[in-house]
1. Please find, among Ser577, Ser525, the residue that is hydroxyl-bearing (Ser, Thr, Tyr) and surrounded by fewer than 20 Cβ atoms within 10 Å (Cβ to Cβ).
2. Just need a number here: residues in region 288-307 that are buried (at least 23 other Cβ atoms within 10 Å of the Cβ) and within 16 Å of the ligand (Cβ to nearest atom).
3. Considering only residues that are out of contact with any Lys or Arg (no Cβ under 8 Å at 6 or more places or on another chain) and open to solvent by less than 30 Å² (accessible area, probe 1.4 Å), look in region 411-420 and name the one that is farthest from Leu246 (Cα to Cα).
4. Considering only residues that are open to solvent by less than 30 Å² (accessible area, probe 1.4 Å) and among the aliphatic types (A, V, I, L, M), which ones fall in region 528-555?
5. State which residue is farthest from the ligand (Cβ to nearest atom) when the search covers only region 131-154 and only residues that are assigned to a helix (DSSP H, G or I) and out of contact with any strand residue (DSSP E or B) (no Cβ under 8 Å at 6 or more places or on another chain).
6. Of the residues Gly52, Gly33, which is open to solvent by 10 Å² or more (accessible area, probe 1.4 Å), touching a Ser or Thr at 6+ places or on another chain (Cβ under 8 Å) and not aromatic (Phe, Trp, Tyr)?
7. Within region 326-346, identify whether any single residue is in contact (Cβ under 8 Å) with a residue 12 or more places away in the chain, among the β-branched types (Val, Ile, Thr), open to solvent by less than 10 Å² (accessible area, probe 1.4 Å) and away from the ligand (no atom under 15 Å from the Cβ), and answer yes or no.
8. Ala283 fails exactly one of the following numbered conditions: (1) surrounded by fewer than 19 Cβ atoms within 10 Å (Cβ to Cβ); (2) touching a Leu at 6+ places or on another chain (Cβ under 9 Å). What is the number of that condition?
Amino acid sequence: MPNHPYFYGADWNPEQWPESVRAADLDLMRQAGVTAATVGVFSWSRLEPAPGAYDFSWLDRVLDGLHAAGIGAVLATPTASPPPWFTLAHPDALAQRRDGVRLVHGSRDTYCVNAPAYRAASRGVAAALASRYAHHPAVVLWHVHNEYGTWCFCDHCAAAFRGWLRARHGDLAALNEAWCTDFWSQRYGDWAQVLPPRATQYLTNPAHELDYRRFLSDSLLAAYAEQRDVIKAVAPEAQVTTNFVLGGWVPVDHARWSGQVDMVAIDHYPSSLDGAPAQSAFAADAARGWSAAAGHGGEWLLMEHAPAHVTENGVQRRKPPGMLARIALAHIARGSRGAMYFQWRAGRGGAEQWHSALVDHPGPGTRLFREATALGTRLADLERKGTFLTPSVEEGAPLNPSQVAVWFDEVCGWAIGASHLPAPVDYQGIVEGWHRALWRRGHAVDVVPPAARLGGYRVLVVPAAYLLTDTSARRLAEYVRDGGHLVVTYLSGIVDEHARVRTGGHPGALRDLLGVRVEEFDPLSAGESLVLDSGDVAAAWTEHLTAPDAAVLAAYPDGRPAVTRREHGAGVAYYVSCGLDDAATARLLAAVCAAAGAEPLVPDLPEGVEAVATPQGLWLFNHTDLVHVIGGRDVAPGEAALAASPGAPSPD
Ligand code: GLA
């Protein structure tokens, strides 16, 4: 963990500004209580204006200036955006799209991660930075690259993919078997026939797509690790990370990567203003889960988020007064070592000239900058009081007192996305829906990757775990046997690690544990719904199943089982074969949690109020513009405060 108290600041791009503005920025940062600035992210063309010719003079001044101002530098390697000279010198190192189009410079991320020239140039610039700045007193954290996640389908990738497949599958016979290549006559007779999943006539093979994502994740991870090792070769004590970008389009398995960084760091941009508190809670809980499972104790860092807006369907909705601090503190309460933004000062030009910044185009005399300054003061105060919110999680212990968790596996989301399912399925949307339902009930919720320790959770929800390995299925059965209360939803346990359907009745991997057998999927059209005999409303997805070894809790209108319950060992396994609306989901979770003895942090938490458990006590966040009475105390509109206990809240 970096030897730095807490991180409050933003991406700063001094290379875009004259010296006078840089100097003013340092003064403003001090004024705002900034403790760290991320520098260098997109500065390759300034750092290395011509191959091998470095110009560090400007960065020397920037780092010296930060140090003199008492601000830490999160020093980035600039490899997410190679300069134009690189493109012209190495046309083979540019990313190639699925349809064969070779991209050119003009934006960012125009590189092929498997191109030797790109890797060599990246190592070169990382090594140059490391040898110059590894011992610079301003540097508190290294930030390799930016948001790894670039796709490429070129010949370099094809060759590397074949090597990766050999290591994974052994021989071609095993590959043909794993990928079911007899379908549509795609059997491979020679490794040279195996290509990336490039543009083709019609649907592609889901196993091929899935392995390609895994391969890209490993390729990108190797590129990260190479730079990390270059830095650590010069300064073994250096703390190194990279900023994860969340979203199903990124071919990065963040759970797997978390073991390779010194601190899990995420960027988070919610997709709706009203949904931002719940989405932020999910992202933060996911980051904490990755951190804990990778042995980092549940600590992590919110590396970037937008200061003043949430982009909703292309519209920048402004964050209302107070939201800046509330969202930042809600992340911090969930284990983030601070709150960093994109960006410090809004650019005059360039593709993101309209992205909000702590210092927006009008300058510092704004409501936003005043709020940023107030947040800086507040964080300094928390730090002084020793109440800065850093959880320390015992190895294997549940991360929160609610003992409630939701299973989240990005690889499963890839498998769902790659497959031509009976209906389109938004994996992360379903997982977030279950998380949100628990969050609304006032539970602290852990989001756990498949490798997480499960013992200790009273309730574990496994939504749409379409791809489930034999190991995971066994662990879930053991979890129930040992006393856990497991809720499994539709479309779980369907395919194996190669995206091959488990035959004999769904959900193949969990059929015995759940005591049900699904014969048919029967997804509903948009807007269509059914009322179960419990009065609950089912939408999106239904199934035809029998329950040979489970009790039926709710049935479809024709009497077929819809929601079931089976005792196994000391625990209980529930199966929810349909999509449930919010009210039905809440009712089910209330019953399951009550039976499991998993209590919310605050009973009857009002809608729009969020409770977060921290080692220092309970935090309450009022995201509404109403006063709510909790534990006998008024919680003001917009308030974000530490309460000693729900019964006796006291503002921090
Ligand atoms: C991410 C990137 C930044 C910027 C922002 C825009 O955080 O890392 O460079 O593009 O998104 O929201």
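1. Values: Ser577 fails: surrounded by fewer than 20 Cβ atoms within 10 Å (Cβ to Cβ).
Checking each option against the conditions leaves just Ser525.
2. Looking only at that region, the number is 7.
3. Narrowing region 411-420 to residues out of contact with any Lys or Arg (no Cβ under 8 Å at 6 or more places or on another chain): 412-413, 415-417, 419-420.
Restricting the remaining residues to those that are open to solvent by less than 30 Å² (accessible area, probe 1.4 Å) gives 412-413, 415-416, 419.
Working: Cys412: 15, Gly413: 12, Ala415: 17, Ile416: 17, Ser419: 21 Å.
Among those that are out of contact with any Lys or Arg (no Cβ under 8 Å at 6 or more places or on another chain) and open to solvent by less than 30 Å² (accessible area, probe 1.4 Å), it is Ser419.
4. Looking only at region 528-555, we keep the residues that are open to solvent by less than 30 Å² (accessible area, probe 1.4 Å), and these are 532, 536, 538, 541-543, 545, 547, 550, 554-555.
Listed by number, the residues that qualify are Leu532, Ala538, Leu545, Ala547, Ala550, Ala554, Ala555.
5. Filtering region 131-154 down to residues assigned to a helix (DSSP H, G or I) leaves 131-133.
Then keep just the ones that are out of contact with any strand residue (DSSP E or B) (no Cβ under 8 Å at 6 or more places or on another chain); that gives 131-132.
Numbers: Ser131: 26, Arg132: 23 Å.
Looking at the filtered set, the residue picked out is Ser131.
6. Working: Gly52 fails: touching a Ser or Thr at 6+ places or on another chain (Cβ under 8 Å).
Answer to the selection: Gly33.
7. Yes: region 326-346 contains one or more residues that are in contact (Cβ under 8 Å) with a residue 12 or more places away in the chain, among the β-branched types (Val, Ile, Thr), open to solvent by less than 10 Å² (accessible area, probe 1.4 Å) and away from the ligand (no atom under 15 Å from the Cβ).
8. Exception for Ala283: condition (1).
The values are calculated or read from the model by the stated rules, or taken from the named source; none is laboratory data. Being a predicted model, the structure only gives us computed values, none of them experimental. No Cβ is skipped: glycine too gets one built from the backbone with ideal geometry, and neighbour counts run over all protein chains shown. SASA here: full protein model, heavy atoms, side chains in, ligands and nucleic acids out. Shrake-Rupley method; radii C 1.70, N 1.55, O 1.52, S 1.80 Å.
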